[in-house]
Amino acid sequence: MDLSQTIETLLERKQYNSIRDILVTVNPADIAVIFEDQPADKLMRLFRLLPKDIAADVFVEMDTDLQQELINGFSDKELSEILNEMYDDDAADLVEEMPANVVSRILKQADPEMRRTINELLKYPEDSAGSIMTTEFIDLRPHMTAAEAISLIRKNGVDKETIETCYVIEKRRLLGTVTLREIVLAQEDTMVSELMDENFVTVETRQDVEEVADMFAKYDLLSIPVVDSDMRLVGVVTVDDAIDVIREEATEDIEKMAAITPSDKPYPRLSVFELYKNRIPWLMLLMISATFTQLIIRGFESALDRVVYLTAYIPMLMDTGGNSGSQASVTIIRSLSLGEIEFKDIFKVIFKEFRVAVLCGATLAALSFGKLMLIDGLPAHYSLAISLTVAGTLLITVILAKFFGCTLPILVKKIGLDPAVMASPMITTIVDALSLLVYFLIASNVVMPIADKLQQAIAFVG
């Protein structure tokens, strides 16, 4: 029996003390997962069994729908107690996600200081460093001794979101950073100014959260100070918030690359209609764009009627082109998101992908030529012509696919759009049309002349 089933069994037996004893030993994130599948009446009973500090941590880990469900069931006193245990940035995130009537109630139950901080945080643009920072950190003065710093941390640290790194300020200006480890290991009379590191990394309040998250990975930090234009410390972004940003951005990119409108809700919480609404616009757009493929095929119907063998290789050519373009686009989109390449590198990227395309295309062309000549059993008078047509089309298609796959994401990024929209579905649609156009143009100039000459020869002999 897993933990969730154990909790349900104990709840049915009304063994509340046993449930409480178990839950206090479980990580808040795991408790939130257990609570997700509970009906509203059981959810409220279980939540009220938690100690206040743990309850706040569990509440933060829940998705928005469950949070709103709980808030609707809370008394004003319970809501106030939860808010008092929450960090200011988590409270601001909560307010940002809730409908207006719930927000009004939250702000009414928050104490004046938290209300002021929430309003300050909500002034920053969405997806900026200011919108995800916390104002609950330890700030020290350069003239303090290590002993005085430890005393201050002991006194104020319990209410701070992070104490691992402390920030040395004077007249609100950030002078340096010092770790708790350095303070604890220093002699008691050592000045903070002697311990602090003046070579520190900062971000500005309006800096994009993706850039901030990348800095955590680049510099291996646990927190990054957020400053204004005058280097005044206004907040701190912690690594847990950076991880949330990385996960959200990765999820959004994956959804866009799969031609799905991104959603903030987890899949189990999405209704059938919401899934439909997220997917159908892209499917309609891609269907309409695929009409170019239809027009190309209709334009070369006469060639298909005369040499029906050409039809059999259309799916293989389109799939190969789409796959080749997807390989290039996904690689480039990933490099763009990591900051490994920029627009100025476009010609280097094109040259590299061109060489890769020639190698891949030549290999596939050689394999397909051998297969068509030796295995497919084509008529002798068409065998060489069709084999050359398919092989040549494969080579050109792969080169074109990798060209568009590597250039379009870079160009889209340059004009300020998300390069993920130029991933697999869009690239595939473009390359499908191009591969067919190349195929029929080559066929018209290789296979059809041979077919005409053969027909003339047969007529002459007859």
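The values are calculated or read from the model by the stated rules, or taken from the named source; none is laboratory data. Computed from a prediction, not measured in an experiment: that's the story for all the values here. Methodologically, a virtual Cβ is constructed for each residue, glycine included, from the backbone with ideal geometry; neighbour enumeration extends over all protein chains shown.
Just a few scattered comments:
- Which numbered condition ASP345 fails, given (1) part of a helix (DSSP H, G or I); (2) in contact with a helix residue (DSSP H, G or I) (Cβ under 6 Å, 6 or more places away or on another chain): (2)
- Residues of region 175-190 that are in contact with a strand residue (DSSP E or B) (Cβ under 6 Å, 6 or more places away or on another chain) and loosely packed, with under 13 Cβ neighbours inside 10 Å: ASP189 alone.
- Looking only at residues in region 17-28 that are assigned to a helix (DSSP H, G or I) and in contact with a helix residue (DSSP H, G or I) (Cβ under 8 Å, 6 or more places away or on another chain), the one that is surrounded by the most Cβ atoms within 10 Å (Cβ to Cβ) is LEU23.
- If you check VAL103, VAL58 for being in contact with a Leu (Cβ under 8 Å, 6 or more places away or on another chain) and within 26 Å of VAL236 (Cα to Cα), only one passes: VAL58.
- Here the condition is being at pLDDT below 85, crowded, with 21+ Cβ neighbours inside 10 Å, under 30 Å from PRO281 (Cα atoms) and not hydroxyl-bearing (Ser, Thr, Tyr); of VAL431, VAL421, VAL447, it holds for VAL431 alone.
- Any hit, region 304-312, residues being modelled with pLDDT under 85, part of a helix (DSSP H, G or I), surrounded by 20 or more Cβ atoms within 10 Å (Cβ to Cβ) and out of contact with any Phe, Trp or Tyr (no Cβ under 7 Å at 6 or more places or on another chain): yes
- Checked against (1) under 20 Å from ASP220 (Cα atoms); (2) touching a residue at least 24 places away in the same chain (Cβ under 8 Å), GLU188 meets all criteria but (1).
- Remark: pairs (first residue in region 223-234, outside the structural domain of GLU120 (by TED's automatic domain parsing) and more than 19 Å from ASP89 (Cα to Cα); second residue among the aliphatic types (A, V, I, L, M) and assigned to a strand (DSSP E or B); Cβ separation under 7 Å; 6+ apart in sequence or on different chains) = MET231/LEU174.
- ASP93 vs. criteria under 24 Å from ARG48 (Cβ atoms), acidic (Asp, Glu), under 29 Å from the mean Cα position of the chain (by Cα) and surrounded by 20 or more Cβ atoms within 10 Å (Cβ to Cβ): yes
- Of all residues making up region 358-384, the number that are in contact with a Phe, Trp or Tyr (Cβ under 8 Å, 6 or more places away or on another chain) and either on the phi > 0 side of the Ramachandran plot or modelled with pLDDT of 95 or more (or both): 0
- Condition broken by GLU170, with the remaining ones in (1) within 30 Å of MET284 (Cβ to Cβ); (2) modelled with pLDDT of 90 or more satisfied: (1)
- Of all residues assigned to region 206-223, none qualifies as being under 34 Å from the mean Cα position of the chain (by Cα), part of a strand (DSSP E or B) and among the basic types (Lys, Arg).
- Residue pairs meeting the criteria (Cβ under 8 Å; at least 6 apart or on separate chains; first closer than 30 Å to ARG247 by Cβ and surrounded by 14 or more Cβ atoms within 10 Å (Cβ to Cβ), in region 338-359; second modelled with pLDDT of 90 or more and among the aromatic types (Phe, Trp, Tyr)): GLU353/PHE403
- Looking across ASP37, ASP63, one residue alone is in the same structural domain as ILE82 (by TED's automatic domain parsing), closer than 20 Å to VAL95 by Cα and not basic (Lys, Arg). It is ASP63.
- Residue check, THR6 surrounded by fewer than 19 Cβ atoms within 10 Å (Cβ to Cβ) and either part of a helix (DSSP H, G or I) or in contact (Cβ under 8 Å) with a residue 24 or more places away in the chain (or both): yes
- Here GLU81 does not qualify as closer than 23 Å to LEU174 by Cβ and part of a helix (DSSP H, G or I).
Residue-wise test of (1) in contact (Cβ under 8 Å) with a residue 12 or more places away in the chain; (2) surrounded by 18 or more Cβ atoms within 10 Å (Cβ to Cβ); (3) closer than 27 Å to ALA242 by Cβ; (4) not assigned by TED's automatic domain parsing to the domain that holds LEU83.
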| site | (1), (2), (3), (4) |
| --- | --- |
| PHE137 | yes, yes, yes, yes |
| ARG141 | yes, no, no, yes |
| MET144 | yes, yes, no, yes |
| ILE150 | yes, no, no, yes |
| LYS155 | no, no, no, yes |
| VAL158 | no, no, yes, yes |
| GLU164 | yes, no, yes, yes |
| VAL168 | yes, yes, yes, yes |
| ARG172 | yes, no, yes, yes |
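- Against the numbered list (1) surrounded by fewer than 19 Cβ atoms within 10 Å (Cβ to Cβ); (2) farther than 27 Å from ASN119 by Cα; (3) touching an Asp or Glu at 6+ places or on another chain (Cβ under 9 Å); (4) among the polar types (S, T, N, Q), SER193 comes up short only at (3).
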